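Reading through the structure tokens given below for one structure.
The values are calculated or read from the model by the stated rules, or taken from the named source; none is laboratory data. Just so it is clear, the model here is predicted, and its values are computed rather than measured. A quick note on method: Cβ atoms are made from the backbone with ideal geometry, for glycine too, and the neighbour counts reach across all protein chains shown.
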Amino acid sequence: MEWLGDKLRILDQSQLPHRKVFLDLGDYREVVSAIKAMQVRGAPAIGVAAAYGIALGAQGIAAKDKDQFLQRLAPILDAFAASRPTAVNLFWAIERMRRAARGSDVTEIKRALVDEAERIHREEIEATTKLSRLGAALIPDGATVLTHCNTGSLATAGYGTALGVIKAAWDEGKKVEVIATETRPLLQGARLTTWELKQAGIPVTLITDSMAGYFMSQGRVDFVIVGADRIAANGDVANKIGTYTLAVLAKESSIPFYVAAPTSSIDFSLSSGAEIPVEQRDPQEVTHILGTPLAPRGITAANPAFDITPQRYITAIITEKGIIPKPDEKGLKKIRHNSRRR
């Protein structure tokens, strides 16, 4: 993702792995559409894209009066807030952009919004790089790691979260191998995670989502690591649909289950995962693959994009502020307190 001054350049993730297509988005509505269509996806990346999209929209507001400018900025903020409901990074970025819309005149506010978007991007790069290096310490040499969905640079506009931890361990010289689930229904694991791992030269075996229990039961998985779209104050985690299943299987198999996410993914306003909104997407994503129908015409399909993993299944949460073992409300509050003190 790259800010070009009057456009936002993104890599269209819906085209990977077979086509590498960059899109130059010159209107904030195009950025909203790209988020909805998952051309840009992954909680941290959505937040960064929204920040740049808001800055882009602000540049197009023709208003000399500050109050009039802020009135016209409000529906732009609302458009991004309505794009996807689960990833808290989106709302965190929107709120930061709202607070940044200060200044004595319109020109100053427009500049401040661009500066804030660039700051959010830099901070996400720094956070994911740091958490990846911290998390790498948990990976022993020769380990086989199972991961779900895509959590690398594509998903973060930075270094990566769960996949970043794996890459950091590899860069340290550890001989790790990865088992990647395909991640139905949109196949982010098959299309994106394997592509990123292949680019990095890290050995990867692709499996269907339903094969995970088999590989765990055969002793072929040393630990599981996933990302997060939102973490509630008590440590419950919302992540790509299928994560809860993997956590239960890992618990049954006595396999450590780690979550890697920047602190921008923690929502202290929600007491538990029961309060996290779960996005319901188009059922056609289930009945079709890449436009090809799989099921009988007219069949009913459900398509929740995320599920909630209770904190009791999570061995540790890895953040840029530290690793939280057996995460609960006390552990998360300590991370928050330490962050504020700095």
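In this structure, does ILE120 turn out to be surrounded by 19 or more Cβ atoms within 10 Å (Cβ to Cβ), in contact (Cβ under 8 Å) with a residue 60 or more places away in the chain, assigned to a helix (DSSP H, G or I) and within 28 Å of the chain's Cα centre (by Cα)? When the stated conditions are applied, ILE120 passes them.
For GLY5, the conditions (1) surrounded by 16 or more Cβ atoms within 10 Å (Cβ to Cβ); (2) farther than 26 Å from LEU290 by Cα; (3) of a type in the set (Gly, Ala, Ser) are fulfilled apart from (1).
Remark: pairs (first residue in the stretch 239-256, crowded, with 24+ Cβ neighbours inside 10 Å; second residue acidic (Asp, Glu); Cβ separation under 7 Å; 6+ apart in sequence or on different chains) = ASN239/ASP229; THR243/ASP307. Taken as a whole, the stretch 293-302 holds no residue that is small (Gly, Ala, Ser), part of a helix (DSSP H, G or I) and touching a Pro at 6+ places or on another chain (Cβ under 9 Å).
Counting only residues that are buried (at least 20 other Cβ atoms within 10 Å of the Cβ) and modelled with pLDDT of 90 or more, the stretch 322-331 holds 1 of them. Beta carbons closer than 7 Å, at least 6 apart along the sequence or on distinct chains, pair a first residue in the stretch 285-304 that is outside the structural domain of LYS36 (by TED's automatic domain parsing) with a second that is among the acidic types (Asp, Glu) for ASN303/ASP282; ASN303/GLU285. Residues in the stretch 286-313 that are surrounded by 15 or more Cβ atoms within 10 Å (Cβ to Cβ) and over 18 Å from the mean Cα position of the chain (by Cα): VAL286, THR287, HIS288, ASN303, PRO310, GLN311, TYR313. Taken over the stretch 163-222, the criterion of being on the phi > 0 side of the Ramachandran plot and hydrophobic (A, V, I, L, M, F, W, C) is satisfied by LEU187 alone.
Among the residues in the stretch 276-285, are any closer than 28 Å to VAL165 by Cα, touching a Gly at 6+ places or on another chain (Cβ under 6 Å) and crowded, with 18+ Cβ neighbours inside 10 Å?
Taking the stretch 276-285 as the starting set, the residues that turn out to be closer than 28 Å to VAL165 by Cα are 276-279.
Next cut, touching a Gly at 6+ places or on another chain (Cβ under 6 Å) only: none.
Looking through the stretch 276-285, none of the residues is closer than 28 Å to VAL165 by Cα, touching a Gly at 6+ places or on another chain (Cβ under 6 Å) and crowded, with 18+ Cβ neighbours inside 10 Å.
Pairs linking a residue in the stretch 152-175 that is more than 9 Å from GLY135 (Cα to Cα) to a residue that is among the aromatic types (Phe, Trp, Tyr), with Cβ atoms under 7 Å and 6 or more positions apart or on different chains, are SER153/TYR159.
The C-beta contact set for the stretch 56-80 (first residue among the basic types (Lys, Arg), second residue exposed (fewer than 13 other Cβ atoms within 10 Å of the Cβ), distance under 7 angstrom, 6+ apart or interchain) comprises LYS66/ASP105. Checking each residue of the stretch 251-260 against the condition of being part of a loop (DSSP other than H, G, I, E, B) and either under 12 Å from the mean Cα position of the chain (by Cα) or under 22 Å from VAL286 (Cα atoms) (or both) gives no match.
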